[in-house]
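Contents: one structure, followed by commentary.
The values are calculated or read from the model by the stated rules, or taken from the named source; none is laboratory data. Source: prediction; values computed, not measured. Positions of Cβ are backbone-derived with ideal geometry, glycine not excepted, and every protein chain shown enters the neighbour counts. Protein only, heavy atoms only, side chains kept; ligands, DNA and RNA dropped before computing areas. Shrake-Rupley method; radii C 1.70, N 1.55, O 1.52, S 1.80 Å.
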Amino acid sequence: MKIEVENVSPVERKVTIEVDPDRVAKELEQAYVGLGRRVKLRGFRPGKAPRKVLERNFRSEVESEVAEKIVQSTFAEAVRVEDIDVVAPPHVSISEGVAEGKPLRYTARVEVKPKIEPKDYKGLSVKRRPPTVTDDQVAAEITRIQDGMAQLVPVEGRFDAQEGDWAVVDHEGTIEGKPFEGARAEGVTVKVAPGSVTEGNLEALKGKKLGDVVEIEEPFPADHRVEALRGKVAKMKVTLKALKARQLPAVDDALAKSLGVEGVETLEQLRARIRSDLQKREDRRAENELKDALVKAALEKNEFEVPPALVERAIDGMLEGAAERFARQGIDIQQLGLDYGRMRGDLREQALLQVRGRLLLESIADAEKIEVTDDDLQAEVTRIAGELGMALAQAQQQMRGAQARDALKSKIREDKAMSILSSAATIQEA
């Protein structure tokens, strides 16, 4: 097998391969033998049809399959022999196809990792916001908890709706004189406030009394999740059935105890737990911001091309992560009518920065000859188990696969490279 490699760019190689006629002939023979055992042809017992008969009936299919098989195997060999760091499937062009007694020639263009020689990554100067937690932040979190535990209670001594009330209504509606899905419902709770019905607001109820009927027209947005309703105007009849108001619980020991948090029985214990949790969050925020600042500062001193396939893969990962977060909330992202093309465009710059950062950290790890030991792996698995609140044995089981282990090693190398950047940097508090 003859191999020629041309550097098209720092992130692309053109690989030209010529496969010996003997290998082509051997693959063709094996293909026809296998085909003869599988197919049934009139006048021949299974496995007894001559090759010429098989060629007459199946030549194009066999030659196509053999070409694909040879390309897959020989390209993998070429990548290994020439030490090509491939990051995406190749684009193959066959110049001379499969034929008895002739070589198979083809060209594969493939994206590769760039060869980066990192420079000036020590002695960086960056700023970071210190990880501080204020009393106001603690108070705001308690207010959020209090607000989340509010209950709707009947309004007493008043029968007219005021802004800020919660109204229980029955409604029915039509579009162009015809009912539509979701047009009729009873016992729906809406807020008497400015905004659209689709957002759960109905300002038209302000000043109305129990039993009053309000007729409104409600336009549906052009990007509404239900395609049939997009851009349409609904005529709605809304009957006010009841009024409710939000009642906040008192901020006291009873509130703290009702949360059911282990070790929290009093309001002071709740404040202490909130402060501790906020501090952990602030520490993570400060750490992540410092890492981002260091990587950006290092990238400013190191210019290099990035394989487009890695950027697209990073965008895929971001979208998959968003879908998983929605799914945990019981939302099917496919039903939201999102413009994926626009989303990919919006995420591209962030993805490019992410990929460039990873490639640079990887090159720094190579330059610094960073190794990952079994003790490093064990320590990281233990840390992950503690962070996720899972048993160590369960975390170890999840990391036993080769792919998971390689990903963990890459992360540890990145973290060690980041430590080199951080320890050698000048860090100022913003």
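With only Cα atoms counted, the stretch 127-170 has Rg and Dmax values of 18.6, 58 Å. For the stretch 96-205, the solvent-accessible area works out to 59 Å² per residue, with a probe of 1.4 Å and every protein chain left in place. Name all residues of the stretch 227-242 having a backbone nitrogen under 18 Å from the label point set 7 Å from the Cα of ASP339 along its Cα→Cβ direction, giving them as ranges. Flagged as within label range: 227, 230-232.
Averaged over its residues, the stretch 1-56 has an accessible area of 68 Å² per residue, based on protein heavy atoms and a 1.4 Å probe. Working note: Cα gyration tensor of the stretch 74-200, eigenvalues times five, square-rooted, sorted largest first, giving semi-axes of 66, 36, 12 Å. Helix-only arithmetic for the chain: the sum of -39500 (n - 2.57) across DSSP H runs with n ≥ 4, divided by the residue total, places the mean residue ellipticity at 222 nm at -15500 deg cm²/dmol.
With only Lys, Arg, Asp and Glu charged, each at its Cβ (+1 for the first two, -1 for the last two), find how big the charge dipole of the chain is about the Cα centre; round to the nearest 20 debye. My answer is approximately 1520 debye. Using a probe of 1.4 Å on the protein chains alone, the accessible area found for TYR340 is around 80 Å². Once the gyration tensor of the Cα atoms in the chain is diagonalised, the equivalent ellipsoid follows with semi-axes of 59, 38, 22 Å, ordered largest first.
In sequence order, the stretch 216-232 has phi-based couplings of 9, 10, 10, x, 8, x, 5, 10, 4, 5, 8, 4, 5, 9, 4, x, 8 Hz under the Karplus curve 6.51 cos²θ - 1.76 cosθ + 1.60, θ = phi - 60°, and Gly or Pro positions carry x. Return the Rg/Rh value of the stretch 230-370, two decimal places, where both radii are evaluated on C-alpha atoms and Rh is the Kirkwood radius. Ratio of gyration radius to Kirkwood radius: 1.16.
Per residue, the stretch 259-337 exposes 62 Å² of accessible surface when a 1.4 Å probe is rolled over the protein heavy atoms with every protein chain present. What is the local net charge at LYS52, summed over the other residues whose Cβ is closer than 14 Å to its Cβ (Lys, Arg +1; Asp, Glu -1)? In short, +1. Full extension of the chain between LYS280 and VAL33 gives 82.3 nm of extra length, using 0.36 nm per residue less the Cα-Cα distance. Between ALA272 and MET390, the FRET efficiency estimated from the beta carbon spacing at R0 = 25 angstrom works out to 0.45. Ranking GLY401, ALA365, LEU377 by Cα position along the charge dipole of the stretch 321-430, where only Lys, Arg, Asp and Glu carry charges on their C-beta atoms, puts GLY401 farthest toward the positive end. If r is the Cβ-Cβ distance from ARG246 to ARG129 and R0 is 56 Å, what FRET efficiency results, to the nearest 0.05? The computed FRET efficiency comes out at 0.95. Summing charges over all other residues whose Cβ lies under 14 Å from the Cβ of ARG275, with Lys and Arg as +1 and Asp and Glu as -1, gives -3. Using Cα centres only, tell me the gap between the stretch 188-224 and the stretch 274-307 in whole Å. Using only Cα atoms to place each centre, the spacing works out to 45 Å.
Taking label positions 7 Å along the Cα-Cβ direction at both LYS40 and ASP346, the computed distance is 5.8 nm, reported to one decimal.
Mind grabbing the base-10 log of I(q)/I(0) for the stretch 331-430 at q = 0.21, 0.25 Å⁻¹? Debye formula, identical points on the C-alpha positions, no solvent, two decimal places. Per q value, in the given order, log10 I(q)/I(0) is -1.05, -1.18. Measure off, as a whole percent, the carbon and sulfur share of the 1.4 Å-probe accessible area of the chain, all protein chains present. Solvent-exposed carbon and sulfur of the chain make up 48 percent of the total.
Taking the highest mean first, how do the peptides 307-316, 48-57, 174-183 order by number of other beta carbon atoms within 10 angstrom per residue?
In descending order of packing, they fall as 307-316, 48-57, 174-183.
About its Cα centre, the stretch 329-410 has a charge dipole of approximately 260 debye under the convention of +1 per Lys or Arg Cβ and -1 per Asp or Glu Cβ, with nothing else charged. List the pairs from LYS301/LYS369; LYS191/LYS291; LYS206/LYS257 whose alpha-carbon separation is above 32 Å, in the order I gave them. Beyond 32 Å between Cα atoms: LYS191/LYS291; LYS206/LYS257. In this label model, LEU299 and ILE175 are separated by 4.3 nm, measuring between points 7 Å along each Cα→Cβ vector. Please report the net charge: other residues with Cβ closer than 13 Å to the Cβ of GLU12, K and R +1, D and E -1. Local net charge: +1.
Ignoring lysines fewer than eight residues from LYS69 along the same chain, the ones with Cα atoms less than 28 angstrom from its Cα are LYS2, LYS14, LYS26, LYS40, LYS48, LYS52, LYS102, LYS113.
Just order 125-133, 147-155 by mean Cβ neighbour count inside 10 Å, highest at the front, would you?
Packing order, densest peptide first, comes out as 125-133, 147-155.
Its Cα gyration tensor gives the stretch 1-85 an equivalent ellipsoid, and the semi-axes of that ellipsoid, as √(5λ) in whole Å with the largest first, are 36, 11, 10.
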